[in-house]
Amino acid sequence: MRFAINHIAAPKLSLEEFFATARNLGLTEVEIRNDLPDIVGTVDPAAVKAAAEKAGVTIISINALYPFNVWSGDLPARAFSMADYAAASGAKALVMCPLNDGTAVSFDDLVTALKAMKPILKERGLIGLVEPLGFPVSSLRTKALAIEAIDAAGGGDVYRLVHDTFHHHLAGETVFFPERTGLVHISGVIDPAVSIADMLDAQRVLVDGGDRLENIAQIRTLEAAGYMGPYSFEPFAAEIHELNNPAAAVKDSIDYISRVL
């Protein structure tokens with residue numbers, strides 16, 4: 001397995017500390033963000049690129065363009081800006097998340113957004129990583145629908161899926177698309193009281209023996225089907241963000257997953 005780490009796993013670390021932590025864990029692939037922490041909004045992309053090269057890490061993605069499937073208002077301008085930043089920072093891809101507030105977005109609007117985003121990505125040599133969100137209020141819950149839209153937009157050469165183990169479980173999706181997947185996000189939920197329908201980002205921790213999302217089963221399926229891309233830790237829970245030694249916690253999760261597999 002190719003493990004990677006998303007900056008949200010250790011948001012209190014500076015960019016340089018985060019890159020060094022990845023290397024200390026034996027990892028060379030990382031994801032940076034525009035929210036927690038907001039690297040995109042606070043660090044010059046040339047400085048990001050220099051720090052990554054110095055540390056010997058590859059920035060596999062920037063999280064995230066939202067809501068990518070509503071191509072109106074300030075979204076086009078933000079899309080250009082984030083794509084420029086990604087290219088200048090040396091990032092390989094841009095994660096794209098759909099509207100997630102209970103508002104429906106039509107299939108035609110989804111395709112329109114993918115068509116509009118395609119040349120922006122292509123001109124900068126970037127991959128668009130489409131990440132369906134499995135929440136009941138999400139406007140794009142399944143990878144199957146995402147693929148249908150990508151193909152309708154003629155975007156098979158530009159777009160790949162993010163298979164997020166949390167969102168896959170929440171959406172109740174059983175089909176896997178390893179050949180169309182560019183990135184897997186892994187996190188676990190261990191709270192025994194919360195129902196699947198009520199699971200939120202705040203419950204997402206690192207994967208361990210108490211996981212309810214069937215991460216191990218999902219990883220086994222992806223591996224058996226030939227997926228060879230990175231598995232990136234993306235925990236959103238505050239208790240993970242506040243850890244004094246996030247590297248040790250991530251190492252424990254790597255060791256657990258590796259041992260069980």
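The values are calculated or read from the model by the stated rules, or taken from the named source; none is laboratory data. Small disclaimer: the values here were computed from a predicted structure and weren't measured. With ideal geometry, Cβ positions are generated from the backbone for all residues, glycine too; neighbour counts draw on all protein chains shown. Just so you know, the surface numbers come from the protein's heavy atoms only, side chains and all, with ligands and any DNA or RNA stripped out. Shrake-Rupley method; radii C 1.70, N 1.55, O 1.52, S 1.80 Å.
Take the conditions within 22 Å of His185 (Cβ to Cβ) and either in contact (Cβ under 8 Å) with a residue 60 or more places away in the chain or surrounded by fewer than 22 Cβ atoms within 10 Å (Cβ to Cβ) (or both) and apply them to Phe107. Does it pass? The answer is no for Phe107.
Selection within segment 48-74: residues that are out of contact with any helix residue (DSSP H, G or I) (no Cβ under 8 Å at 6 or more places or on another chain) and among the hydrophobic types (A, V, I, L, M, F, W, C). The member of this set that is farthest from Val184 (Cα to Cα) is Ala50.
Quick one: what pairs do we get from segment 155-179, first residue farther than 15 Å from Ile219 by Cα and open to solvent by 10 Å² or more (accessible area, probe 1.4 Å), second of a type in the set (D, E, K, R) and in a loop (DSSP other than H, G, I, E, B), C-beta under 6 Å, 6+ apart or different chains? If the second residue must be of a type in the set (D, E, K, R) and in a loop (DSSP other than H, G, I, E, B), the pairs left are Ala171/Arg141.
Taking the criterion of being closer than 15 Å to Thr181 by Cβ and either touching a Lys or Arg at 6+ places or on another chain (Cβ under 8 Å) or in a helix (DSSP H, G or I) (or both), the residues of segment 135-144 that qualify are Lys143, Ala144. Once segment 65-84 is narrowed to residues that are open to solvent by 20 Å² or more (accessible area, probe 1.4 Å) and within 20 Å of the chain's Cα centre (by Cα), the residue that is nearest to Leu126 (Cα to Cα) is Asp84.
Take the conditions open to solvent by 50 Å² or more (accessible area, probe 1.4 Å), closer than 22 Å to Leu183 by Cα, at pLDDT 95 or above and not charged (D, E, K, R) and apply them to Thr58. Does it pass? It is true that Thr58 is open to solvent by 50 Å² or more (accessible area, probe 1.4 Å), closer than 22 Å to Leu183 by Cα, at pLDDT 95 or above and not charged (D, E, K, R). Within segment 180-205, the residues that satisfy the criterion of being within 19 Å of the chain's Cα centre (by Cα), of a type outside the set (Gly, Ala, Ser) and open to solvent by 20 Å² or more (accessible area, probe 1.4 Å) are Arg180, Leu200, Asp201, Gln203. The residue that is farthest from Ala64 (Cα to Cα), counting only those in segment 125-144 that are open to solvent by 60 Å² or more (accessible area, probe 1.4 Å) and either touching a Phe, Trp or Tyr at 6+ places or on another chain (Cβ under 8 Å) or not aliphatic (A, V, I, L, M) (or both), is Pro136.
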